[in-house]
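J.: Quick one: the structure is below, questions incoming.
No value in this document is a laboratory result; all are computed from the given coordinates. Because the structure is a prediction, the values reported are computed rather than measured. We place every Cβ from the backbone using ideal geometry, glycine too, and count neighbours over all the protein chains shown.
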Amino acid sequence: QRVLRLAEMCRRLETEEEKVLPFYPSSLAEGEQRDAQRVLEETPAEPLAQAMRDYVGLERFWQRFNKAKLEEQALLRERAALSQRNRRLRELLRQYLAGISVSQEVLGELSPL
């Protein structure tokens, strides 16, 4: 019951896109998808594979979890790129302002112009 309550709470926080298309489309070709499905339907011989069959119901959870992690990593990279761009623009602005103003500090430096 607790898990269901948490799922309901999380569902309210999802965007419309996540509600309609919660998973990325598969990158496997049609033949590869058939092969993967055939392997999943076979009875496992190894104990670990048998234990994993008990958790097949969590597959969608892990897909959503991994999608969220991928998006988080993409956002972190984008943030880093934007921070670097911001620093560069601030430096260019500082150089520009230094070039158009006259002060003791500026007179002591080489002119960027």
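J.: Which FRET efficiency, nearest 0.05, do Arg87 and Leu13 yield, Cβ-Cβ r, R0 35 Å?
T.: Working: r = 33 Å, r/R0 = 0.94.
It comes to 0.60.
J.: Right, another one. Sticking with the crude label model, points 7 Å out along Cα→Cβ, report the distance from Ala29 to Arg5 in nm, one decimal please.
T.: Label-label distance for Ala29 and Arg5, simple model: 5.0 nm.
J.: If we count every other residue with Cβ under 13 angstrom of Arg87's Cβ, Lys/Arg +1 and Asp/Glu -1, where does the sum land?
T.: On the way: positive: Arg79, Arg85, Arg88, Arg90, Arg94; negative: Glu91.
Local net charge: +4.
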